[in-house]
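Here is the structure we will look at, set down as C-alpha cells.
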Amino acid sequence: MNRDRAIKYFLVWGIVCLIANLFCTQAAAFGGDQGYWENWVRQLANDGLERFNGNYPPLYVFWLWVVAQVHNLANIPIEKGALLKFFCLWPVYFGHVGLVDIASRLVARFRLPNLFAHLALAFVALNPALLLDGPIWGQVDLFPCIFGMAALYCINFRGLYKYASMFFALALLAKFQMILLLPIFGGMFLRRYRQSWRGLPLMAVAIALVFLPFLVAGNLSNLLTHAYLNTTEQYPFSTYNAANIWMFFVGNTSRDVNPLFGLSPEGIGILLSPAWIGKILFVIVSAYVLKCALFAKNLRRTFELATWEAFAFFLLLPGMHERYLIYAIPFACVWMVLDMRKAWPWSLLVTAVCAMNISMINGFKGADLWTYVSGLAILCFVAGVVNNFAPKAFPNLVKILEQIPFPRWTPYAVLCLFIFPMLISEIVGLMPVNVELRSNQFFLTDLPIDRFTQQYKTPRKGRAVDGNALSVRGQQYKNGIGTHANSELYFKLPENADTLEFVVAIDDESGGSGSVRFSVCTPEETLWTSDVVFGNKKPQSGKVYVGGKSVIYLKADADGDNAYDHADWLNVIVTTRQ
C-alpha cells in the first residue's frame, strides 16, 4: 500500500518538478557563471582532460566533457546561450526529480495525511531556492547534495552502511563544500565503526575510478590544486554578496583579514578578523553537531543536523557567496518531510532567506519567458472554461489515470522524453546557417566598413553588438554584422556589383525586446526599407539592385527609443555581373 501511494505521489510531483525546471531554464542565466561553463567546455572540447585547468571538482567535469563532445560531434560553436545552459543543467534536472522521488517514498512510508503529503511534496518540487539556483541561475549546487543525502541515508541503515562512505566521497568529488557534512557523517560513522568501516574499500574504488582519467591524462595534480587547494584563496572577502553575519557586521567584499572593532592588524588584532572568528565559531558549531551526531538515533535527527550545519556554514564562515545557503535546502526538504510538525517553519524560513539572497543577484527575469507565460495563461483559461461547462471532466480524468499501472520510473522517462528532443532541437537550431556562394558572389563583410555612425558601441563582423554569436530565435549565423540602432554602415562597392541580398533581424542577446526599421541606402536615395522588425520575431529578407552604385550604407533606425535595439545584418551577399 505504501509503495502504491509513493508511486502516485511521485507521478504527480515528479512531473510537476521537471516541467517547473524546464520552464525556469528559459529565464536569463547569470552571465558570469555561464562564462565559466563556456570556457571550461571549450577547454575540454579543444584539449581534453590533459590541459583542463578549471577550478571545479572532477565529478562534474566529466559531465562538462560529455557536453564538449556533443558540441564537437554536432560541429556547433561553444557559446553562452540556451543550449549550453540547458545541457549543463541535466544533472540538476535528474537531481531535483530524484529529490522528489525520495520525498515521495518518505511521505508514504511515514503515512502523512494526504493533504500534508501533497503540501510537503509541492514544497520540494517547486522550492523557489532550488529553482532560482539551478534552472534560473544556471548553477549545479544540487548535484553534490544528492550524493551527500545518499551518504546520510545509507549511514542510518545497517544494510546500507557499506555504501555510505562511497557516497560521501562522491559528494566531495562533486563539490568540496560538502565537507560541511563531515561532523554529521563522521559522528554517525564513528558510532557504527564496527560495520561502517567495511565501506572504505568501496570508497577507495570510487575515488580511484574518478581520478583515473585525470591520472592517465597527466593532469591529476593540476586538477586537485585548482579544484581544492586554490579555491579557498579565490575570494578573500568577509562575504561575497552573502547575507550572513559578516554582511551584517562588516559589509560586503571587505577583506576577511581586516580586524574588527577598529583594532590594529598587528598582534592580537589579526585574531579578531572575520577569517579567524568565523572559522572558530564554525568549528565550535561543528563540534557540537559532531557530538549530537554521535547520539543521533534516526533519519529525522540526521537531516535536522545537516540543515543547521549547512546554515552555520553559510552564516559564520567568511568568503561565502550568495548561493551557498542552497546546500541547506535539500536537507531541509527531507527534514520537513520526516518531521512536518517541527520542521516546516524552519524549512520555510531557510528557503526564504536563500531565495531572497539569490534573487538579489540574479532573479527571475528573461523576456524569453513571455511566450511560455502567455501559453500558461491560455491553458489556465481553457482549463477554467472546461471546468465550468464540464465540472466532472477533470475528476474523471484523474480516476482514469489512477487506474493505469504506471511504473515508478515514469517521471524519469518523461524527463528523458522532454530533454532529448529539446537537445536535438537546440543543436539543429544552433547549427549556423551555411550559404553556398556562386562564383560571382561574395559576402559584403569581406569588404571593409568604410565609415560608420552608431549610438551604442561599434559594429562587429561575425558577432552581435555585445560580442555574442549572431543568433535569431535560437538560430545562429556565421556571417553578418551586429550593430545597434541608430546606425549607418558605409561600404564602397566594386564597379561590377549588381544585386545585394540580405536578412535582417533583432539579435537574441536583446532578450526578446527591441524594434528596428532597416534600410539600404545610397547618398542619393533609399533603395529598400523593411517593416518594423521586433525582437523574438522571424527575420525579414530583402534584395535590391545596386548596379552603378559606388557607395551604399546599411541603416538601422530605432522605432521609438533604442533600448535593446541589437540590429543584425545577416548573410549580406553581393552578386556581381559576369
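Looking at Thr307 and the list (1) within 28 Å of the chain's Cα centre (by Cα); (2) under 21 Å from Ile102 (Cβ atoms); (3) touching a residue at least 60 places away in the same chain (Cβ under 8 Å), which single condition is not satisfied?
(3)
Going by the structure shown, is Val285 buried (at least 21 other Cβ atoms within 10 Å of the Cβ) and either hydrophobic (A, V, I, L, M, F, W, C) or not assigned by TED's automatic domain parsing to the domain that holds Trp137 (or both)?
no
Confirm whether Asp531 is surrounded by 15 or more Cβ atoms within 10 Å (Cβ to Cβ) and not assigned by TED's automatic domain parsing to the domain that holds Ala29.
For Asp531, the condition - surrounded by 15 or more Cβ atoms within 10 Å (Cβ to Cβ) and not assigned by TED's automatic domain parsing to the domain that holds Ala29 - is not met.
When the residues of segment 11-46 are filtered to those that are touching an Asp or Glu at 6+ places or on another chain (Cβ under 8 Å) and either part of a helix (DSSP H, G or I) or not hydrophobic (A, V, I, L, M, F, W, C) (or both), which remaining residue is nearest to Asn72 (Cα to Cα)?
Among residues in segment 11-46 that are touching an Asp or Glu at 6+ places or on another chain (Cβ under 8 Å) and either part of a helix (DSSP H, G or I) or not hydrophobic (A, V, I, L, M, F, W, C) (or both), the one nearest to Asn72 (Cα to Cα) is Glu38.
Just checking, which of Leu437, Leu397, Leu401 is loosely packed, with under 15 Cβ neighbours inside 10 Å, of a type in the set (A, V, I, L, M, F, W, C) and closer than 30 Å to Gln540 by Cβ?
Unique residue meeting the criteria: Leu437.
Quick one: which residue in Phe314, Phe295 is surrounded by fewer than 24 Cβ atoms within 10 Å (Cβ to Cβ), assigned by TED's automatic domain parsing to the domain that holds Asp256 and not β-branched (Val, Ile, Thr)?
Phe295
Answer with yes or no whether Tyr553 is touching a Gly at 6+ places or on another chain (Cβ under 7 Å) and either surrounded by 14 or more Cβ atoms within 10 Å (Cβ to Cβ) or modelled with pLDDT under 95 (or both).
no
Looking at segment 534-546, is at least one residue outside any strand (DSSP E or B), without any contact (Cβ under 8 Å) to a residue 24 or more places away in the chain and under 19 Å from Ala485 (Cα atoms)?
Checking segment 534-546: not a single residue is outside any strand (DSSP E or B), without any contact (Cβ under 8 Å) to a residue 24 or more places away in the chain and under 19 Å from Ala485 (Cα atoms).
Hey, which of the helices (runs of 4 or more DSSP H) in segment 75-133, taking only ones fully inside, have at least 3 residues that are not assigned by TED's automatic domain parsing to the domain that holds Val16?
none
State the number of residues belonging to segment 183-205 that are over 26 Å from Glu309 (Cα atoms) and surrounded by 15 or more Cβ atoms within 10 Å (Cβ to Cβ).
1
Could you give me the residue pairs with C-beta distances under 8 Å whose first residue belongs to segment 149-172 and is over 17 Å from Phe331 (Cβ atoms), whose second residue is β-branched (Val, Ile, Thr) and assigned to a helix (DSSP H, G or I) wherever it lies, and which are 6+ apart or on separate chains?
Within 8 Å, the pairs are Met166/Val205; Ala169/Ile207.
Any residue in segment 342-363 that's under 18 Å from Ala120 (Cβ atoms): show its pairings with residues that are charged (D, E, K, R) at Cβ separation under 6 Å, as long as the two are six or more apart or on different chains.
Every condition considered, no pair remains.
The values are calculated or read from the model by the stated rules, or taken from the named source; none is laboratory data. Please read these numbers as outputs of a predicted model, since none were measured by experiment. Please note: Cβ atoms are built from the backbone with ideal geometry, for glycine as well, and neighbour counts cover all protein chains shown.
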